[in-house]
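Okay, so here's the structure we're looking at.
The values are calculated or read from the model by the stated rules, or taken from the named source; none is laboratory data. Everything numeric in this text was worked out from a predicted model, so none of it was measured. FYI the Cβ positions are ideal-geometry reconstructions off the backbone, even for glycines, and counts take in every protein chain you see. Keep in mind that these areas ignore ligands, DNA and RNA; they rest on the heavy atoms of the full protein, side chains included. Shrake-Rupley method; radii C 1.70, N 1.55, O 1.52, S 1.80 Å.
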Amino acid sequence: MIRVIISFILSFAVTAIVGRFLIPWLHALKAGQTIKEIGPSWHMAKQGTPTMGGIMFVVGILAAILVMSWQDFAAGDYSALVVFGFAMVFGIIGFIDDFCKVKFHKNEGLTAAQKFLLQLAAAIVFVVLLRSTHHISNALYIPFFDVTVTIPWVLYMALAAFIIVGCVNSVNLTDGVDGLATGVTMPVMLFYLAVALMWHRMGVGVLSSAVFGGLCAFLIYNFHPAKVFMGDTGSLFLGGMVCGLAFALDLPLILIVVGIIYICETMSDIIQVTYFKLTHGKRIFRMAPLHHHLEMGGWSEVKLFCVFSGITAVCCVLAFWGVMDRFPL
């Protein structure tokens, strides 16, 4: 338990310190976010706010696991390093996307097809690696019912790739107002930490604690009004971390519960686009994704942060109850 606490403290401290130097450096590089003109008009005031701030918690998390996971590495448990590496691949994809946006001063970096292919390749490699190290099986655990359903490996691999790519992009989509993706992801990390401790998976526990600590420190700079945005560097990294930890614990279906906000954000966007095309211009939401719809209805960014984070926290408590029979107290 003490390693988990130190991991939190170390990640928090390193992230907070890096942030003090990173933000002025990003300002000096003129690495400002370009705001979409089709977004809420009041978001234009954020034009020029530094992006790629996710670098600070990536550094903090890495420092924590390198210092606190040597005991696990010596015992042959490299789960923390594997999941971090997986999330880092997505973070690098996001960094390339952010760099293109900053360099060419536009809101679009890599094309959708380029990002999809890179993410799909990363997902497949990760699932193959977890299978080869026996961290996952093709017996899907069904939360709340305490049953497993064995499916063919080919189907499992296809399902896993779909879940990973969908989850990563859902977290990315949630990063639309100050602190939102940060606040929603924090209780998810606490859920993983609780499950890891219950099942004595210290490698995963140390990593989950490090991510939580890094996000707490990042919130110092990212809470409304944000001094820095995490950018795709941070949001894709977090997406990789959210789904990577679920697979490392062999609980991919729990993402439906703990990731309810991510799912709602994504579904609102899909519904809006589909309905718009089918009706030749009509809309269901004032603006998609969901957080913009609520903003247009008068919700402040602070209210969105509190409500969405609160809903996620409640769902994480329910999720823990739903897996307690597999991880008995």
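Remarks
- Considering only residues in the stretch 260-281 that are hydroxyl-bearing (Ser, Thr, Tyr) and in contact (Cβ under 8 Å) with a residue 12 or more places away in the chain, the one that is nearest to LEU318 (Cα to Cα) turns out to be TYR262.
- Residue match in the stretch 144-155 (condition: hydrophobic (A, V, I, L, M, F, W, C), under 30 Å from MET52 (Cα atoms) and surrounded by fewer than 19 Cβ atoms within 10 Å (Cβ to Cβ)): no
- Residue, farthest from ILE124 (Cα to Cα), within the stretch 235-270, restricted to residues that are among the polar types (S, T, N, Q) and open to solvent by less than 10 Å² (accessible area, probe 1.4 Å): SER268
- Number of residues in the stretch 56-84 that are in a helix (DSSP H, G or I), buried (at least 22 other Cβ atoms within 10 Å of the Cβ) and small (Gly, Ala, Ser): the value is 4.
- One residue from LYS106, LYS101 being modelled with pLDDT under 90, crowded, with 16+ Cβ neighbours inside 10 Å and among the charged types (D, E, K, R): LYS101
- Scanning the stretch 206-224 for residues that are touching a residue at least 60 places away in the same chain (Cβ under 8 Å) and open to solvent by 10 Å² or more (accessible area, probe 1.4 Å) yields PHE212, CYS216, ILE220, TYR221, PHE223, HIS224.
- Any hit, the stretch 198-205, residues being touching a residue at least 12 places away in the same chain (Cβ under 8 Å), at positive phi and open to solvent by less than 10 Å² (accessible area, probe 1.4 Å): no
- Set side by side, the residues ALA45, ALA31 differ, and just one is closer than 13 Å to LYS227 by Cα, open to solvent by 60 Å² or more (accessible area, probe 1.4 Å) and modelled with pLDDT under 85, which is ALA45.
- Filter pass, LEU180 being open to solvent by less than 30 Å² (accessible area, probe 1.4 Å), over 16 Å from the mean Cα position of the chain (by Cα) and in contact (Cβ under 8 Å) with a residue 60 or more places away in the chain: no
- Residues in the stretch 117-150 that are among the aliphatic types (A, V, I, L, M) and over 17 Å from VAL323 (Cα atoms): LEU117, LEU118, LEU120, ALA121, ALA122, ALA123, ILE124, VAL125, VAL127, VAL128, LEU129, LEU130.
- Every residue from the stretch 123-147 that is at pLDDT 85 or above and in contact with an Asp or Glu (Cβ under 8 Å, 6 or more places away or on another chain): TYR141, ASP146
- Neighbours by Cβ (under 9 Å, 6+ apart or cross-chain): first from the stretch 112-135, surrounded by 13 or more Cβ atoms within 10 Å (Cβ to Cβ); second of a type in the set (A, V, I, L, M, F, W, C) and not in a helix (DSSP H, G or I): LEU118/LEU110; VAL127/ILE136; LEU130/ILE136; HIS135/LEU249
- The helices (runs of 4 or more DSSP H) falling completely within the stretch 173-269 that include 1 or more residues that are out of contact with any helix residue (DSSP H, G or I) (no Cβ under 7 Å at 6 or more places or on another chain) and farther than 26 Å from LEU159 by Cα map to 180-198.
- Check on VAL302, among the β-branched types (Val, Ile, Thr) and either open to solvent by less than 30 Å² (accessible area, probe 1.4 Å) or under 30 Å from TYR78 (Cβ atoms) (or both): no
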